[in-house]
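As structure tokens, the structure follows; a few thoughts come after it.
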Amino acid sequence: MNTILVTGGAGFIGSHVVRLFVEKYPNYHIYNLDALTYAGNLENLKDIEHNTNYTFIKGDITDEDFINALFEEHKFDSVIHLAAESHVDRSIQDPLAFVKTNVIGTMNLLNAAKKYWNGNFTNKRFYHVSTDEVYGTLGQTGLFTETTAYNPNSPYSASKASSDHFVRAYGETYKLPYVITNCSNNYGQNQFPEKLIPLFINNIINNKPLPVYGDGNYTRDWLYVKDHARAIDLVYHKGINGETYNIGGFNEWKNIDLVRLLCQQMDVELGRSKGTSEQLITYVKDRPGHDLRYAIDASKIKNELGWKPSVTFEQGLEKTIKWYLSNEDWLNNVTSGQYQSYYKKQYN
Ligand code: NAD
Ligand code: TYD
């Protein structure tokens, strides 16, 4: 029996991780702790909500007493920590929210694990899910490796960097067994339409402008979310305590090239004539502190643990588009209400 606390399991990546673990490991019990912020959505897990090895708990990782009581009650063997405020543009609007959840929330989990494991670390593990954005930006060449110095540029990446440092420090100081993974940009089904790909899919469906920041010559390394979940499964089971692993897609795209590909695929799926969606591309004011380029050297996880992405970008993007087009209710639900005021504030 393995009792795992997954935080942020109602979010984008977390829901894929929860589903993979619940379905693949019937003898584990997965507790999904999520505050259900704007980004959390139990619809993401409808298909597994009645599984006997799955329990959803609504709660906030910034609430220290609640987190302590939860550890006391369930005596978790391990934590896979994904709960976070995750969007760079929101971190520019409200940095403190990112400190609260990403730094204080992580601290509460670390303290609870330390307290309840109480020096007995056999078969215990604190798995912290992080981002490549902690490394800051690359120029036109080079790749982020596990030894690249941290140099975060946005409030989001600064808060994630801080949490990574605390996890590492608890490993050094208190011998807490941990692993950290730093992953590149994810895409796929269930991603909240504030991030580039689902936001643009939604706007193309609704014939709205596609707001490309700056000149569009920013580069990201894209990974299909289910391949990230597979990597998390592998590192959870085979990773070495105290190690960090970079996860990436071997898949760099300039934003403007990605947007053009997306437009072409959307035209096909929507039965629109070639070039229709591209006409929606609109260059808008750049993001402050915009990182030029992220690209991951994922050779450590590839060589040491045997992981590699399972789909090409074109395949993953096609699956993603098809999912959004056949889940219009999901998209309409998350883009009503609050989303409209966020959109106005960010883009008008
Ligand atoms: P997301 O925003 O889709 O989901 C975050 C989830 O955390 C939501 O379900 C939300 O309700 C929950 N949450 C937020 N604050 C909480 C709190 N105080 N207490 C409990 N739950 C809370 O994020 P995501 O894209 O799925 O990212 C998950 C993790 O992966 C994050 O730690 C992020 O930094 C990391 N990551 C994301 C990407 C990416 O491209 N999306 C890439 C690398 C790493
Ligand atoms: P995003 O999906 O927000 O991920 P991140 O900032 O964490 O990399 O953005 C991906 C890239 O797309 C980034 O260079 C910013 C750019 N972008 C736009 O040009 N327009 C948009 O409306 C958004 C949301 C992002």
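Just one of the listed residues (HIS81, HIS87, HIS29) is more than 14 Å from GLY11 (Cβ to Cβ) and either within 16 Å of ligand 2 (Cβ to nearest atom) or of a type outside the set (Asp, Glu) (or both), namely HIS29. Scanning segment 288-299 for residues that are small (Gly, Ala, Ser) and over 18 Å from the mean Cα position of the chain (by Cα) turns up GLY289, SER299. Would you say ASN68 is surrounded by fewer than 22 Cβ atoms within 10 Å (Cβ to Cβ), assigned to a helix (DSSP H, G or I) and more than 16 Å from ligand 2 (Cβ to nearest atom)? Yes; evaluated as a whole, the condition is true for this residue. Looking across segment 20-34, the residues that are assigned to a strand (DSSP E or B) and under 12 Å from ASN51 (Cα atoms) come down to TYR28, HIS29, ILE30, TYR31.
Taken over segment 228-256, residues that are within 15 Å of SER299 (Cα to Cα) and more than 12 Å from ligand 1 (Cβ to nearest atom) amount to 8. Here is a check on your reading of the model: is GLY171 modelled with pLDDT of 95 or more, of a type outside the set (D, E, K, R) and not in a helix (DSSP H, G or I)? So GLY171 fails the test.
So, ASN241, is that one buried (at least 16 other Cβ atoms within 10 Å of the Cβ) and touching a strand residue (DSSP E or B) at 6+ places or on another chain (Cβ under 8 Å) or not? Criteria not met by ASN241. Within segment 118-149, the set of residues being surrounded by fewer than 21 Cβ atoms within 10 Å (Cβ to Cβ) and aromatic (Phe, Trp, Tyr) comprises just one member, PHE121. Residues that are under 18 Å from the mean Cα position of the chain (by Cα) and part of a strand (DSSP E or B) are absent from segment 253-272 altogether. In segment 1-19, the qualifying residues are those that are of a type in the set (A, V, I, L, M) and in a helix (DSSP H, G or I), and the one that is farthest from ligand 2 (Cβ to nearest atom) is VAL18. Taking the criterion of being within 15 Å of ligand 1 (Cβ to nearest atom) and surrounded by 16 or more Cβ atoms within 10 Å (Cβ to Cβ), the residues of segment 22-36 that qualify are ILE30, TYR31, ASN32, LEU33, ASP34, ALA35. Apart from one condition, LYS285 fits all of (1) in contact (Cβ under 8 Å) with a residue 24 or more places away in the chain; (2) over 23 Å from the mean Cα position of the chain (by Cα); (3) buried (at least 16 other Cβ atoms within 10 Å of the Cβ); the exception is (3).
Kindly provide the set of residues from segment 322-336 that are under 21 Å from ARG272 (Cβ atoms), in a loop (DSSP other than H, G, I, E, B) and not β-branched (Val, Ile, Thr), ordered by number.
Step one: of segment 322-336, the residues under 21 Å from ARG272 (Cβ atoms) are 322-328, 331-332, 335.
With the extra rule that they be in a loop (DSSP other than H, G, I, E, B), the set shrinks to 327, 335.
Within segment 322-336, just ASN327 meets the criteria.
Remark: pairs (first residue in segment 207-236, within 11 Å of CYS183 (Cα to Cα) and acidic (Asp, Glu); second residue within 15 Å of ligand 1 (Cβ to nearest atom) and not in a loop (DSSP other than H, G, I, E, B); Cβ separation under 7 Å; 6+ apart in sequence or on different chains) = ASP221/ASN185; ASP221/GLU252; ASP221/ILE296.
Residues that are away from ligand 2 (no atom under 12 Å from the Cβ), touching a residue at least 40 places away in the same chain (Cβ under 8 Å) and part of a helix (DSSP H, G or I) are absent from segment 177-199 altogether. Number of residues in segment 120-160 that are among the aromatic types (Phe, Trp, Tyr), within 16 Å of ligand 1 (Cβ to nearest atom) and closer than 25 Å to TYR174 by Cβ equals 3. In segment 193-227, the qualifying residues are those that are among the basic types (Lys, Arg) and either buried (at least 18 other Cβ atoms within 10 Å of the Cβ) or within 12 Å of ligand 1 (Cβ to nearest atom) (or both), and the one that is farthest from GLY289 (Cα to Cα) is LYS226.
Cβ separations smaller than 7 Å between residues 6+ apart or across chains give no pair from segment 302-323 residues that are surrounded by fewer than 19 Cβ atoms within 10 Å (Cβ to Cβ) to residues that are modelled with pLDDT under 95 and assigned to a loop (DSSP other than H, G, I, E, B).
The values are calculated or read from the model by the stated rules, or taken from the named source; none is laboratory data. The structure presented is a predicted model; accordingly, all values stated were derived computationally and were not measured. Glycine gets a Cβ as well: all are built from the backbone with ideal geometry, and neighbour counts include every protein chain shown.
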